[in-house]
Each structure stands twice: as structure tokens, then as C-alpha cells.
Amino acid sequence: MIGRTARAGRVVTRHRWGVGPVFATWTTLALSCALPSAAWAEALPEALAKAYQTNPQLNAERARQRATDENVPQALAGYRPQIVASLSAGLQSVRNLLPDNTIQTANLKPWIIGVTVTQTLFNGFRTANGVRAAELQVQSGREALRNVGQGVLLDAVTAYTNVLANQSLVEAQRSNVAFLRETLAVTQRRLNAGDVTPTDTAQAEARLNRGLSDLNAAEVALAVSQATYTQVIGNAPSQLKPAEAIDRYLPKSREDAMTMAIRQHPAVMAASFDVDVASTNIRIAEGTLLPSATIQGSASKSRNNDPTLGTFAEDQASIIANVTAPIYDGGQAAAQTRQAKEMTAQSRLVLDQVRNQARTAAVSAWATNEGAKIAVSASESEVKAATVALQGVQREAAGGQRTTVDVLNSQADLIQAKARLIGAQRDRVIASYTLLSAIGHLDVKTLNLNTPDYLPEVHYHQVRDAWHGLRTPSGQ
């Protein structure tokens, strides 16, 4: 877990070189920052829940999925009758020349009203296959949505831990600057007393300026990470609590990680559904080569007051069955069928590629996570040893056995060790979440986040069998 080495708190060593604080690591610093406003502290699960609810990228993907759901009722429309009403009316001026050379004129107001109902009986199974393809697209879209959700949660973890790490680095650099200022002041006093040379003072001053530069760089990195946090989570970071790795959710071996990745990762499952969609499109293309049958019923009423006609009104009703069979369409249907087969072959190759990528990502995430554990352990030991070394050098310098530059070098070693430990602790958390994402389990349910899970099937069932209506289920 993050920050195990910092539980001892802050160690302060007094010596004739000044007060040299051995600054705390990530967890202790984060806790000390959180103490004044502990009631407003935000833990990582809370930040993940906010990102899951408000992240624009994720909400946009949900809207895309809802639009994909509408492909199913569009395909189901092929089973339903098509009803068309028509109405025409107008003014017509007529001038007739009769056989006896007389002229007849009239101003007419003809109109006709009718309704036509068309029902497809058979269309080469294109409707059935179209419905299946639309349903498979919905399944693929859901997996794509799940994959985007994983990416957003992982981005949120990264943003959260980056802010924590950069806050600790800023505190570390501030402690380093304070140490260097005190060291410079002590060196100047010893210079005035004739104990050291101007070289010692110049070395202390140079290290202080380097420390100020490092502090500025750390503050810039913190500002950038805070802006990224606001973008991903949806609000500015306040008091953040220490984050922990999630080893309890991870596979026990690398082989388990690979197996879970190639079977359960949403990108793999989405690519698998895409293969099914492409295969179904072949049957849709082949359906255009089969006969089609429709039945059409119509009724109409017309009126015409032309005196030269034998009738002034006409009412019609008809039922017509129509069967068509394609003979030759210039090769279009055949080309579409061949194209669909090539697209299916491409989809299968893409599926193989995605599986390989998932396997590689799982192995990489596993190795990174295991390496992060070792890095944290090694960094903890390094910080402990560097702390003891600094204290020893300070005592030796007080006895005249070490120079100012020895103290400065030992302090620089400790600063670097602390920075590496902070980075290792951050990487440890991110690596554990990355591995969970690589096996396809980085979601609200697995993490048990305090937020409702978005269920795309709810909208799907709301619109699947809708025969009419222009408003979305949300009221838009």
C-alpha cells in the first residue's frame, strides 16, 4: 500500500549545521494536508464515482450507445406495414373546342384522397438478418461503452495519484529548501568565524538555488496535475486521501491474467460481436438475389366536375399482391456480397489482433505491477538508508570530519530517494488499476463504488418495440 514507510512521521535532527528536517513521504504528507479539513477530504473511490457520473467522454459514449439502440426498431420496421395517405386538390381551367366549332370553357376543382397500405411478405430474409445485425451492433456497442468506462476510471486514478504525488513532491522540495537555507545560514556564520572557506558558502548557495528551481518545477507539475484532475473528475481537487493498490481484485498469476484478458476484455468481446455483424451482413447482401413478395391495399375517392366526362365521382379499393425476382442488376448484388465476405475476413483478422493486444497488455500490466512492488520496497530501503547516512554525515561534519559539500550531497541523495519513493508509490497504485483494466474488470461493480451502475439495456428495452413517438425516453 501507498505510504507504508511514512508512518513514523517526521524526523527532525538538530546539529550545529542547523535544523535538518527529514521530510515525510507521500502518505504522511497527504494526511498532514488533510487534517485541517478532514471533513471535506475526498478519497479515491469518491473521485472515481464522480468521474463515472459526470465525465463528458463517458457520457458522450453513453449517448452514442443510445443512438445505436435505435438501429433495432429501425430494422424491426421491416416487419410492420407501411401506411401512406395522399390528398390532392386544385383549380383547373378547361377550354374545349367541340366538333361544331363551338367553344366550351369551365373552371374545375378536382380532388382525390386515398390511403395505401403495403406489407412485405418476403424479402429474402433481409429483415430478419437486419434485425440480428442491429442487435449484434448493440452488443458490440455495449462492450465499447464498457471499454471507454474502463479508460475513464483509469484516467481518474492516474489524475488522482498524480495530484497526491505532486503534492508530496512540493512538500518535499519545500523541506529541502528550508534545510538548504538553514545550511547556508550556518555556513555563513562559520565563515565569519573562520571555520570554513568562501567555497563552502558558494556551494551551499548553489545548492539552495538548485533547490528553489526544483521547488518551482514541482509546483508547476502540481498545477498541471490539478488541471488534469478537474478535467477528468469534474471538480478541482480539495483534500485528497492516500490511495491504495487493489491487489485483492487482481489475478493470482500471469497465466490467469492472460486468460481473463483474451476472454473477458471488452475490446475483445466487441471485436467478436463485430465478426458476427459482418457475417450477418453477408446474408443480407445475398438476400437481394432472392425473390421478394409484397401485398398492397389501397382505397381512394375522387371528384371531378368536368362536364365532358361521363362521371363526376370515382371510388376505388384494391388489394394487389406483387412478386418480383431479380434476374440481372448489372452485378451490383454480387459485388456487395463479395464485399461483405471480405469485410468479414477483415473483422476476423481484427479480432485476432485485438486478442493479441489484450494478451500483450495483460502480460505488460502484470510485469509492471510486480515490478512496482519491488520498486516500492527498494525505495523504502533506500530512503531509510539515506536518512541514516544524512544523520551520520551531519554528526561527522559537526566533529570536523566532513565538509559542507558532504552534507549537501547527502541531503541531495535523500531528496532523490524520497522523490523515487513517491514516484514508486504512485506507480504502484496506477499499475494495480492498470492490471485490473487489462483483464476487463475495472468497473463500478468490481470496485464497489458508491454510485448507480449505468445499465445500457434499460434504454434498449424502452425503445426496442416502440412503434411511434418522437421523444426519447429521457424526454428530449
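A few remarks follow.
- The range 405-416 - residue that is of a type outside the set (S, T, N, Q) and in contact with a strand residue (DSSP E or B) (Cβ under 9 Å, 6 or more places away or on another chain) and, of those, surrounded by the fewest Cβ atoms within 10 Å (Cβ to Cβ): LEU414
- Here GLN394 clears all of (1) in contact (Cβ under 8 Å) with a residue 60 or more places away in the chain; (2) open to solvent by 50 Å² or more (accessible area, probe 1.4 Å) except the condition numbered (2).
So that you can scan it fast, the table gives a plain yes or no per residue for (1) under 25 Å from the mean Cα position of the chain (by Cα); (2) modelled with pLDDT under 95; (3) on the phi > 0 side of the Ramachandran plot; (4) charged (D, E, K, R):
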site: SER318; (1), (2), (3), (4): no, yes, no, no
site: GLY331; (1), (2), (3), (4): no, yes, yes, no
site: THR344; (1), (2), (3), (4): no, no, no, no
site: LEU351; (1), (2), (3), (4): yes, no, no, no
site: THR360; (1), (2), (3), (4): yes, no, no, no
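- Odd one out for ARG254, checked against (1) more than 24 Å from VAL148 (Cβ to Cβ); (2) free of Cβ contacts under 8 Å to residues at least 12 places away in the same chain: (2)
- Entry remark, the range 432-449: residues being aliphatic (A, V, I, L, M), in a helix (DSSP H, G or I) and surrounded by fewer than 24 Cβ atoms within 10 Å (Cβ to Cβ) number 2 in total.
- Looking across the range 244-271, the residues that are under 13 Å from ALA438 (Cβ atoms) and open to solvent by 40 Å² or more (accessible area, probe 1.4 Å) come down to TYR249, ARG254, ASP256, MET258, THR259, MET260, ILE262, ARG263, GLN264.
- The sole residue among GLN188, GLN173, GLN150, GLN226 that is in contact with a Leu (Cβ under 9 Å, 6 or more places away or on another chain) and farther than 27 Å from GLY440 by Cβ is GLN173.
- Test: residue in the range 347-360 that is of a type in the set (Lys, Arg), open to solvent by 80 Å² or more (accessible area, probe 1.4 Å), in contact (Cβ under 8 Å) with a residue 60 or more places away in the chain and more than 30 Å from VAL275 (Cβ to Cβ): no
- Remark: GLU61 falls outside the filter, which requires a residue to be in a helix (DSSP H, G or I), of a type in the set (Asp, Glu), open to solvent by 70 Å² or more (accessible area, probe 1.4 Å) and touching a residue at least 24 places away in the same chain (Cβ under 8 Å).
- Any hit, the range 130-140, residues being under 30 Å from SER318 (Cβ atoms) and not aromatic (Phe, Trp, Tyr): yes
- Some residue of the range 272-291 being farther than 30 Å from THR120 by Cβ and surrounded by 15 or more Cβ atoms within 10 Å (Cβ to Cβ): yes
- Test result for ARG402, surrounded by fewer than 20 Cβ atoms within 10 Å (Cβ to Cβ) and either charged (D, E, K, R) or part of a helix (DSSP H, G or I) (or both): yes
- Residues of the range 315-344 that turn out to be open to solvent by less than 90 Å² (accessible area, probe 1.4 Å), without any contact (Cβ under 8 Å) to a residue 60 or more places away in the chain and not aliphatic (A, V, I, L, M), as a count: 9
- Those helices (runs of 4 or more DSSP H) of the range 196-299 in which at least 1 residues are farther than 30 Å from LEU180 by Cβ and of a type in the set (D, E, K, R), considering only elements entirely within it, cover 254-264, 266-287.
The values are calculated or read from the model by the stated rules, or taken from the named source; none is laboratory data. What you are looking at is a predicted structure, and each value in this text was computed from that prediction instead of being measured. Here Cβ is always computed from backbone atoms with ideal geometry, including for glycine, and neighbour counts include all displayed protein chains. Note: areas computed on protein heavy atoms with side chains; ligands, DNA, RNA excluded. Shrake-Rupley method; radii C 1.70, N 1.55, O 1.52, S 1.80 Å.
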